[in-house]
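One structure is given below, encoded as structure tokens.
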Amino acid sequence: MAQKKNNEEEKLTRLNKFISNAGVTARRKADELIFTGRVTVNMQTVTEPGTKVNPEKDVVKVDGEKVKPQSEFIYVVLFKPRGYVTTTHDEKGRPTVMDLIGLNTRLYPIGRLDYDTDGVLLLTNDGEFSNMMMHPRHKVFKTYFAKLDKPIEEPDMKKLREGIIIDGRPTSRAKVRIIPNTADQNIWISIHEGRNRQVRRMLETLGYIVQRLKRVEYARIGLDGLKPGEWRYLSEEELANARKLATPKQPVFRKPESEGAPPADKKGKKGGKKKKKKDKKKKEQLADSPPQPASDSDVLESISKELENISEQIQDTKE
Ligand code: URA
């Protein structure tokens, strides 16, 4: 009984804190809202900011609008250093990225980075978000800096862009750029699939050895000044933007008839040959259109923040 009471008490939070944590307004403004009688708790007006509420049970309203408690989900970006594995536990006893986070909440990496790759690693406890970021259907791009053993040839860049056969099937189109003002063996490559050691294998297939691989962005989320081993929470803007990037521009699956899709026209008026031809044309057009990021300047702009870091690292590898 006493234990239950303690648990209940732990959940209580001050009304002003609850309102500001929910993102309605800053703490001071929340006080004002409360003082001026604009806040109700379970239909009763409350004018004392320190009133304790239980976010799971109490209904708090500001000007009649229900305040939604802050999400339980956590989203972080970690600068994964080389020499760490991207699993929650390693049988060989090597250090894992989890050793670097130190939060009580259990988080899971969104995809993997090899032991010897460093850079952006997103982690969350939100399975839906994780799926959105990883599922190939959503085409969320990841950008890597790669230092090769020799300058890259233009025809090979073309091949990378068009797709390389690995595991017996072609990779999706990639964005590739030589990093300006550095040797031709330093490139940026953006892909949206997540096959095992994909970037290394794509380049190895063309006869290059990747000497250094760093992920500089995932869904346009970069490291922004983090040092190896450091992490930070994602901002609301980064999250919203990542979700937007993952939102398909048009439905991919047609609903089955039982879920409301119009029945197919057997005589071919709507669902017949004409439509099939149109669909085929549409598909071809889609296949021809470039993947996100939509343009080279997009790629350049979104990763330019990282250029400074990268140049330093290139310098390091030279020394
Ligand atoms: N591609 C690779 O080859 N390695 C990684 O860690 C990520 C992508």
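The values are calculated or read from the model by the stated rules, or taken from the named source; none is laboratory data. Here the structure is a predicted model, which is why all the values come from computation and not from measurement. All Cβ positions, glycine included, derive from the backbone under ideal geometry; neighbour counts span all protein chains shown. Surface areas here come from the heavy atoms of the whole protein model, side chains and all, with no ligands, DNA or RNA. Shrake-Rupley method; radii C 1.70, N 1.55, O 1.52, S 1.80 Å.
So between Phe73 and Lys57, what do we pick up on full extension, going 0.36 nm a residue minus the alpha carbon distance? If you can, show how the numbers build up before the last one.
On the way: separation 16, 0.36 × 16 = 5.76 nm, distance 1.86 nm.
Extra length from Phe73 to Lys57 when fully extended: 3.9 nm.
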For this session: Between Asp184 and Lys17, with labels modelled 7 Å along Cα→Cβ, what's the label distance in nm to one decimal, could you check?
Result: 6.1
Exercise. Can you tell me the accessible area per residue over the range 1-160, all protein chains present, probe 1.4 angstrom, in square angstrom?
Worked result: 58
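If you filter the range 89-153 for trypsin sites (Lys or Arg not before Pro), then keep DSSP loop positions with at most 14 other Cβ within 10 Å, what is left? Walk me through the intermediate numbers first.
On the way: sites: Lys92, Arg106, Arg112, Arg137, Lys139, Lys142, Lys147; in loops: Lys92, Arg106, Arg112, Lys139.
Those satisfying the criteria are Lys92, Arg106.
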For this session: Of the listed pairs Lys175/Lys227; Lys92/Lys142; Lys150/Lys244; Lys11/Lys92, which have alpha-carbon separations greater than 30 Å here?
Result: Lys150/Lys244; Lys11/Lys92
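Beyond 18 Å, what share of the Cα-Cα pairs of the range 2-66 remains, rounded to the nearest whole percent? The partial results should precede the final answer.
Numbers: 599 of 2080 pairs.
Percentage above 18 Å: 29.
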Exercise. So what's Rg/Rh here for the range 106-224, counting alpha carbon atoms and using the Kirkwood radius for Rh?
Worked result: 0.96
For this session: Could you please state how large a percent of the accessible area of the range 14-140 is carbon and sulfur, counting protein chains only and using a 1.4 Å probe?
Result: 46
Exercise. Trypsin sites (Lys or Arg not before Pro), restricted to the range 7-80: which are DSSP loop and have at most 12 other Cβ atoms within 10 Å?
Worked result: Lys57
